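The values are calculated or read from the model by the stated rules, or taken from the named source; none is laboratory data. Predicted model only: the values in this text are computed from it and were never measured. Quick reminder, even Gly has a Cβ in these numbers, built from the backbone with ideal geometry, and neighbours come from all protein chains shown.
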Amino acid sequence: MASFLGTRSGVPSELTAALGALAIFTPFVLLREFARRVELARLRISVALLVDILSGALQVLMLFVLIHWERLRTDTAYLAVGASCVLPALAWLFLAFRGDKFCAQSAAHELLRSWRVAKWSFLAQMVGLLHWQGVVWIIVWQLGAGATGVLAAANYVILLLNPLALGVCNYISPLAVNAYFQHGLGRVRSLIAMAMAAMGVIIATFSVAVYFYSDLILTGLFTSSDYQGYGTLMLALGLNMMLGVMHMMNDQGVWAIERPEWLLRSTMIAVGVTLLLSLPMVHQYGLLGGAWSMLIGRFVGLTYQTILFFCTSIEPRVFGEPRRQGEILG
């Protein structure tokens, strides 16, 4: 498909190369994420952590090799991210289900039962992809594929805190469920508020530090003076991540009180605002306009969901249905 685009429609070769890398390795990235979620559901946290450590170490190693060889581009960065997931994902797939037997009828029944709740998360994830990818395509359209390399480099530094955010989410999620069912709505709201505030302070502090040392960080990592002068861009991306992680913390509370439809609503609002603003802002302000549009969209979506979570009266449910007094999920 990437080759067809490059030869038949005049799409830049850099973009077709990036599309080719994504097409090849995206299934392995998704498989690694699936492995994490399965092991967390099994409460085998050490296995999920091992998968993350292996893929993370391989990714950092490959990126440093690309930097050393001066071959770091958008397509090779995607290549490194995807290739780092291949070995851990395939090893987990081979080891995790050895000796297991599957019943198609039982699996189909459980899938239909779980879909009543899972559909909201699935749809929110699909819509949420547009928050970043939609802006990237607008940047490619208005500024060219080369501009996405700077965006990817700046965002790579910000995403160094992503493992911390995911780890805190995995820690908060069962605590939120237990707080709600054991102590009620007030306790889970207090827990989520503290988690949102703590992660907000941590990432905001990191973002400010990155803003002041952006030239040193980017030129040190990518050994090129072309990456100087992007401190404001990195600050905007850092604040966008801060709001995104606070949204993730709030999501854990939303799941605990069984209101997953709020996830889809807030995501649609965030994406809609982002895409609506990014068209004129990228044209006017370039990469910085794209970053600010994502930040504003994220803020509006988070504000909507936060108001719902902290201000709405809640009627207990079981898998989307009203729960009888004193009934607890089995």
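Listed values, structure above:
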item: Residue that is buried (at least 19 other Cβ atoms within 10 Å of the Cβ), within 23 Å of I202 (Cα to Cα) and modelled with pLDDT under 95, where the choices are L233, L239, L221; result: L233
item: L233 being closer than 16 Å to G128 by Cβ, over 17 Å from the mean Cα position of the chain (by Cα) and in a helix (DSSP H, G or I); result: no
item: Test result for G244, among the small types (G, A, S), touching a residue at least 40 places away in the same chain (Cβ under 8 Å) and assigned by TED's automatic domain parsing to the domain that holds F181; result: yes
item: Criterion violated by G184 - all others in (1) in contact (Cβ under 8 Å) with a residue 40 or more places away in the chain; (2) surrounded by fewer than 14 Cβ atoms within 10 Å (Cβ to Cβ); (3) not polar (S, T, N, Q) satisfied; result: (1)
item: The range 37-51: number of residues that are closer than 18 Å to L161 by Cα and either among the aromatic types (F, W, Y) or buried (at least 18 other Cβ atoms within 10 Å of the Cβ) (or both); result: 2
item: Counted residues, the range 108-121 - those being surrounded by 12 or more Cβ atoms within 10 Å (Cβ to Cβ), more than 9 Å from L264 (Cα to Cα) and not basic (K, R); result: 2
item: Candidate set: the range 245-259, residues that are surrounded by fewer than 22 Cβ atoms within 10 Å (Cβ to Cβ) and not hydrophobic (A, V, I, L, M, F, W, C); chosen: the one farthest from I307 (Cα to Cα); result: E258
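Residue by residue, here is whether (1) aliphatic (A, V, I, L, M); (2) without any contact (Cβ under 8 Å) to a residue 60 or more places away in the chain; (3) more than 29 Å from Y171 (Cα to Cα); (4) assigned to a loop (DSSP other than H, G, I, E, B) holds:
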| residue | (1), (2), (3), (4) |
| --- | --- |
| E39 | no, yes, no, no |
| S46 | no, yes, no, no |
| V51 | yes, yes, no, no |
| L54 | yes, yes, no, no |
| A57 | yes, yes, no, no |
| L72 | yes, no, yes, yes |
| T76 | no, yes, yes, no |
| Q105 | no, yes, yes, no |
| R116 | no, no, no, no |
